[in-house]
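Handing you this structure, nothing more for now.
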Amino acid sequence: MEQTDKEKIASLERSLFYESQYKSAIISEAICHYEANLSKDFIENEIFYKSEQGTIVSTTKLLGMSAPCKFSDFIKNWINKAIDPDYASKYEIFSNTKDFLLKSYSEGKRDHIIEYWYTNEKGKEFFLNQRFLLTKNEDGDICALAVLNNTTHAKKIEAQQHRNELERHAYFDPITGGYNYIKFKKELISANVRGSIISIDIHAFKLINTTFGTGIGDKVIKAIWDRIEEVFDFPKGDFAAHINADNFIAFCPTEDQNEIITKIKSISYSLNLISAELSLPQVKLYYGISMWCPEKTIDLSYSEAVTAKNNAKKLQDADYAFFEKKDMDRLVWEENIIENFENALAQNEFHVWYQPKYNPENREIIGAEALVRWIKDGKIFVSPGEFIPLFENNGLIRSFDQYIFRKVCMQQKKWQSEGRKIIPVSGNLPRISLYYKDETSIYSHIAESAEIEKKYVPIEITETAAVKDKRFKEITDAFVSAGFILHMDDFGSGYSSLSALNSIRFSAWKLDKSLIDSIGNYSGERLLHHIILLAKELGIQVTAEGVETAEQNNFLSETGCESIQGYYYSKPVDISNFEKLMI
Ligand code: C2E
Ligand code: MG
Ligand code: MG
């Protein structure tokens, strides 16, 4: 019995479609089924096509052709009528198809998907896709059952999805789903309006991450982002982005400080909800604000906002600060110091000064601390308390301290060879050095090349939370094994636990000035009394730092402190004055 048109279509679909193919066919604009005799180069049987709406039409009628007709003419005609009225025969995108299929058949391949692509004279792009199943008919001719799809529409959707995906990666933050910094900048540049840039970070975020895990850390970031989204009015021209870790940035097209403060307060106000929801200790944010105008780079404004935020961290009564002119001057000044560093080294502008340590019982000098001074044109250019932290931040400190340590060793050697009495002169070791395995051998090498015994050049290490760090113990042990004597500097100002301190082999504790300043008040004195007692029990020597008055000196002497360093006896002095003190 003759098959109806519908039945023919259905059987072709059954034989030709895979599920994925079918899906792409559904969204295509037109789909055509045909049977071609490739050996004789014509289209056999009645031909049909199914439009997007599912209507089945006889192609031969549509084309005004009748089967059998030439394979390539049919395809050209069909594209021209059903897909692209501007399709010109010169494109000839199917010219090789027949030969290709015949060759494939001879190689035993029976199933092919071929994709075609062209741009017509009007610049429109087209994508076509043909699936062929190859067989031989009773006469021995090679035939193809074929489905031709117009996949242009599907390709466009795919390309758009691809573009969206790329955009998502390039412009959106995976944790918050909101903008990243690149997108923030893009939006702000196109907004082109003056306003305020706000830098926001989470207080002690590292602690949240290490204590509760990064999963909770990410939740905190998301929760804070949700608050930012609520408080900043995006439709009214505010923007915000998660930059990285716990850093956020926001922009408001206003220079009104009160408006900004209101927004900040509104975010901070709801932070305890986040703490409660995630069972965390109180989450706290810091904010720094700078002004932005289109003439200024966003990076510069952001770094100003970060500077302001760092200032806010030092405030007692507020969690925000605005970038001010004095901050700007400070930045310029800091840059100037760093730029001057190399030159200062070359010009020998760094001098070692000495602050003696006295035995309060007999007022004899029993040691000294080497303290650096930057001297320019005969004057102290800037005090170490100011430039040392800068050098610590940019990594210059390590080689700088090795340079100072070398100077100290060489001076000790010089005094020794001149037949003078020498006393231990301690040098300060920056915290960062404790993370370099080779630091011990570098310091050993410096002392050994100067031919000075290590006991004459003790090393001061500041008390910090790092005392608990395993590496800290390893490197301090290495220093002790190499023969160095370690002093814990600024004892009582850090956060270290006594048990952690005890595990490190310090020979001396240098009591911080803040402890000494509590002399005169009962509990302060009791504390000092017990610290000194404890040190004695442990066989650790005690030096009191920053002793300025006779009252302090007498109390310490009576309490058994054997070493005192402070203005009461002497300020740090240069070499020649130190030599005079030593006579
Ligand atoms: P530090 O190691 O705790 O040094 C003691 C500081 O207290 C010195 O300040 C000293 O001059 C000061 N000082 C001593 N006695 C008194 C006193 O009675 N009253 C007051 N108000 N201050 C007193 P300086 O020389 O300004 O050094 C400050 C800090 O800079 C030092 O604190 C040390 O941490 C660092 N520093 C100094 N020189 C170097 C160095 O060559 N390398 C490194 N890494 N740090 C250094
Ligand atoms: Mg020191
Ligand atoms: Mg100190």
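The values are calculated or read from the model by the stated rules, or taken from the named source; none is laboratory data. This one's a predicted model, so the numbers in the text were calculated from it and none came from an experiment. Cβ: placed from backbone, ideal geometry, glycine included. Neighbour counts: every protein chain shown. To get the accessible areas, we keep the full protein, side chains included, count just its heavy atoms, and leave off ligands, DNA and RNA. Shrake-Rupley method; radii C 1.70, N 1.55, O 1.52, S 1.80 Å.
Cα atoms only: what Rg and Dmax, in Å, come out for the chain?
Using the Cα atoms of the chain, the pair Rg, Dmax is 40.5, 129 Å.
Quickly estimate the mean residue ellipticity at 222 nm for the chain, helices only: each DSSP H run with n ≥ 4 gives -39500 (n - 2.57), and the total goes over all residues, rounded to 500.
One gets -13500 deg cm²/dmol as the mean residue ellipticity at 222 nm.
Using amide H atoms built 1.01 Å from N in the peptide plane, name the residues 5+ places from residue 358, or on other chains, whose amide H lies under 5 Å from its own.
366, 564, 565
While we're looking at this one, here's another question. Treating the beta-carbon of each Lys and Arg as +1 and of each Asp and Glu as -1, no other charges, what is the dipole magnitude of segment 218-325 about its Cα centre, to the nearest 20 debye?
320
For the full complex of protein chains and a 1.4 angstrom probe, list 567, 269, 287 by accessible area with the highest value first.
269, 567, 287
Once ligands and nucleic acids are excluded and a 1.4 Å probe is used, how much of residue 182 is accessible, expressed in Å² to the nearest 10?
Estimated to the nearest 10 Å², residue 182 gives 100 Å².
Let me know the number of lysine pairs in segment 482-583 closer than 23 Å at the Cα, not counting same-chain pairs under 8 apart.
Summing the qualifying lysine pairs gives 5.
Could you derive backbone 3J(HN,Hα) for segment 176-193 from the dihedral phi with the Karplus parameters 6.51, -1.76 and 1.60 (θ = phi - 60°), listing whole Hz in sequence and x where the residue is Gly or Pro?
Once θ is set to phi - 60°, the couplings for segment 176-193 become 8, x, x, 4, 9, 5, 4, 5, 4, 5, 4, 5, 5, 4, 6, 5, 6, 10 Hz.
Something else: Heavy atoms only, probe 1.4 angstrom, no DNA, RNA or ligands counted: give me 456, 116 ranked by accessible area, highest first.
Accessible-area ranking of 456, 116, largest first: 456, 116.
State the Cα centre-to-centre distance between segment 470-486 and segment 118-173 in whole Å.
A separation of 69 Å, based on Cα centres.
Hey, what angle do you get for helix 522-538 against the long axis of the chain, alpha-carbon based, 0 to 90 degrees rounded to 10?
Value to nearest ten degrees: 90.
Where nothing but the Cβ of Lys and Arg (+1) and of Asp and Glu (-1) is charged, how large is the charge dipole of the chain around its Cα centre, in debye to the nearest 20?
480
A further question on this structure: For the full complex of protein chains and a 1.4 angstrom probe, list 190, 266 by accessible area with the highest value first.
190, 266
Determine, for segment 356-485, the count of lysine pairs separated by eight or more sequence positions (or lying on different chains) whose alpha-carbon distance falls under 22 Å.
Close lysine pairs under the 22 Å cut-off: 25.
Computed over the Cα atoms of segment 411-563, what is the convex hull's projected area averaged over all directions, in nm²?
So the Cα hull casts an average projection of 9.6 nm².
What's the angle, to the nearest 10 degrees (0 to 90), between helix 470-481's Cα axis and the longest principal axis of the chain?
Orientation of helix 470-481: about 40 degrees from the principal axis.
Restricting attention to segment 98-151, which GluC sites (Glu not before Pro) occupy a DSSP loop and are surrounded by at most 16 other Cβ atoms within 10 Å?
Counting only loop positions with at most 16 other Cβ atoms within 10 Å, the GluC sites (Glu not before Pro) in segment 98-151 are 107, 121, 138.
Among the lysines, select those whose C-alpha is under 22 Å from the C-alpha of residue 313, and discard any that sit fewer than 8 residues away in the same chain.
Qualifying lysines at Cα under 22 Å: 206, 263, 265, 284, 325, 326.
Quick one: putting +1 on the C-beta of Lys and Arg, -1 on the C-beta of Asp and Glu, what dipole do you get for segment 287-382 around its Cα centre, in Debye to the nearest 20?
My answer is approximately 260 debye.
Count neighbours as other Cβ atoms within 10 Å of each site's Cβ, and list the GluC sites (Glu not before Pro) in segment 323-390 that are DSSP loop with at most 13 such neighbours.
361
Counting other Cβ atoms within 10 Å, which trypsin sites (Lys or Arg not before Pro) in segment 280-351 have at most 15 and lie in a DSSP loop?
Loop-located and lightly packed - 284, 296, 313, 314.
Heavy atoms only, probe 1.4 Å: what % of the accessible area of the chain goes to carbon and sulfur, would you let me know?
52
I've got another one for you. Sequence neighbours fewer than 8 away in the same chain don't count; with that in mind, list the lysines whose C-alpha is under 27 Å from residue 103.
Cα-Cα hits under 27 Å: 40, 70, 76, 90, 136.
Now, a different point. Using θ = phi - 60° and the Karplus relation 6.51 cos²θ - 1.76 cosθ + 1.60, list the HN-Hα couplings for segment 446-460 in order, rounded to whole Hz, with x at every Gly or Pro.
4, 5, 5, 5, 7, 6, 10, 5, 5, 5, 8, 10, x, 10, 9
Over all directions, average the projected area of the Cα convex hull of segment 498-550 and note it in nm².
Convex hull of Cα atoms, orientation-averaged projection: 3.8 nm².
OK, next. Considering the Cα trace of segment 89-187, what is its radius of gyration and what is Dmax, both in angstroms?
Considering segment 89-187 through its Cα atoms, Rg and Dmax are 21.5, 70 Å.
If you don't mind, there's one more thing I want to ask. Contact order normalised by length for the chain, with contacts defined as Cα pairs under 8 Å and 6 or more residues apart; what percent is it?
Relative contact order, the chain: 8 percent.
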